[in-house]
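First comes the structure, then the notes that go with it.
Laboratory data are not the source of any read-out in this text; all were calculated from the coordinates shown. Because the structure is a prediction, the values reported are computed rather than measured. Cβ sites come from the backbone with ideal geometry, for glycine too, and all protein chains shown count toward neighbours.
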Amino acid sequence: MSQPERYDARGPLPVLAYYQMLGRLSAADLAKERSMLASLPGSPNTQIRQAMVIAHPRGAQETAKAMAMLEALLKSGDTQAIELQPVARLLMDHYAERLRLESQIERQGGQLKDSQRRVQELQEKLDGLADIERTLRAPSRSGKGGGQ
């Protein structure tokens, strides 16, 4: 797909092909792609592509901003926007799920840190009790040994 066709091709299939093409780009190429899209007129075709680029995992990952762009496209009555709305809805669902999973990972990471901290505290208490037990046993052993 040539450079102009990449941005001008309309409809769901070229947009899906564009999404697939993004997966092969490096972070630097994604940044270039973002700049290129920013220089184009703000058509629904460009908006959906911008949303894909800014939410890409190897890019800036501005998922909330991408979702806002897609939401605007979903509310639009423009013929081109209506044509892209099924793909926009799919992307919205995908990005919402990604945000949910990222939030869950963050929460679980916090829970893991809390659990590790509690394990460390309990280990310190256990070590302290073991030290107390050793000091209590030590005099009684020496006392038995000295009396015989």
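For the peptides 94-107, 14-27, 47-60, what is the packing order when you average, over each peptide's residues, the other Cβ atoms within 10 Å and list the highest mean first?
Output ranking for 94-107, 14-27, 47-60: 47-60, 14-27, 94-107.
Need the full-extension length gain, ALA60 to ASP127, defined as separation in residues times 0.36 nm minus the C-alpha distance. One decimal, nm.
Details: separation 67, 0.36 × 67 = 24.12 nm, distance 4.70 nm.
Once the chain is fully extended between ALA60 and ASP127, it gains 19.4 nm.
Could you list the residues of region 49-73 with an amide nitrogen less than 17 Å from a label point located 7 Å from the Cα of GLN104 in the Cα-to-C-beta direction?
Hits in region 49-73 for GLN104 at 17 Å: none.
Rg and Dmax of the chain over Cα atoms: what are they, in angstrom?
29.6, 103
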